[in-house]
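The values are calculated or read from the model by the stated rules, or taken from the named source; none is laboratory data. Please read these numbers as outputs of a predicted model, since none were measured by experiment. Virtual Cβ from ideal backbone geometry, glycine too; neighbours counted across all protein chains shown.
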Amino acid sequence: MAPTLPRTVRAVGTGQLLDLEQEAATYGFSQRLPVDWLREHLAAEARHYLFPTLVHRLRHRPEVSPQWRCQLLLTVSTGEQIWGLLDVLPDAFDKIPETLDTASKKDVVSRIERAVTQREWAERMAADAGPGHMPRN
């Protein structure tokens with residue numbers, strides 16, 4: 001029987017989030033953010049939050065199915081919180097300790113609903129940098 005989608009929010013540090021994103025990239029999951037982009041833009045000492053919202057099944061790839069599609073609340077180097085998505089294996093999510101109380105979880109979900117997307121934030125940062133800005137490699 002497939003694991004039941006947990007109705008909870010889990011907090012992770014930047015290093016742990018990068019590990020989850022790298023695992024998603026290694027497995028070729030469809031919802032993930034580029035690890036190099038995250039390394040460059042995440043606040044190093046921040047807490048980030050995962051909120052599972054969907055069971056994603058891949059009939060053609062049973063070895064990595066199901067996945068839990070999580071909404072992310074990420075804290076970037078400017079101190080802003082932005083929204084993204086990440087597919088996570090249930091076992092990987094279950095290894096993240098439960099550290100938040102009910103009020104904190106509700107607060108995180110509320111902030112996710114108001115956050116700009118990673119793409120919107122990145123586009124705004126590029127526009128703010130102006131036409132003379134040379135992107136870093």
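Within the stretch 98-108, not a single residue is farther than 13 Å from T8 by Cα, out of contact with any strand residue (DSSP E or B) (no Cβ under 6 Å at 6 or more places or on another chain) and among the charged types (D, E, K, R). Among the residues of the stretch 1-52, those that are closer than 23 Å to D107 by Cα, in contact (Cβ under 8 Å) with a residue 60 or more places away in the chain and touching a Pro at 6+ places or on another chain (Cβ under 6 Å) comprise L5, P6. Among the residues that make up the stretch 28-51, is at least one of them at pLDDT 95 or above, part of a strand (DSSP E or B), crowded, with 18+ Cβ neighbours inside 10 Å and aromatic (F, W, Y)? Yes, because at least one residue in the stretch 28-51 is at pLDDT 95 or above, part of a strand (DSSP E or B), crowded, with 18+ Cβ neighbours inside 10 Å and aromatic (F, W, Y).
Results for (1) in a helix (DSSP H, G or I); (2) farther than 18 Å from T14 by Cβ; (3) modelled with pLDDT of 95 or more; (4) not aliphatic (A, V, I, L, M), shown as yes or no for each residue.
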position	(1), (2), (3), (4)
L54	no, yes, no, no
H60	no, yes, no, yes
L74	no, no, yes, no
L85	no, no, yes, no
D91	yes, yes, no, yes
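Across the stretch 107-116, what is the total count of residues that are of a type in the set (K, R) and exposed (fewer than 12 other Cβ atoms within 10 Å of the Cβ)?
First pass over the stretch 107-116, keeping only residues of a type in the set (K, R): 111, 114.
Next, from what is left, pick out any that are exposed (fewer than 12 other Cβ atoms within 10 Å of the Cβ): 114.
Number satisfying all stated conditions: 1.
Can you spot a residue in the stretch 38-50 that is under 23 Å from R7 (Cβ atoms) and among the acidic types (D, E)? Checked against the condition, which is being under 23 Å from R7 (Cβ atoms) and among the acidic types (D, E), the stretch 38-50 yields no hits at all.
Going through I96, I82 one at a time, which residue ends up being in contact with a helix residue (DSSP H, G or I) (Cβ under 6 Å, 6 or more places away or on another chain) and either surrounded by 16 or more Cβ atoms within 10 Å (Cβ to Cβ) or not aromatic (F, W, Y) (or both)?
Working: I96 fails: in contact with a helix residue (DSSP H, G or I) (Cβ under 6 Å, 6 or more places away or on another chain).
After ruling out the rest, the residue left standing is I82.
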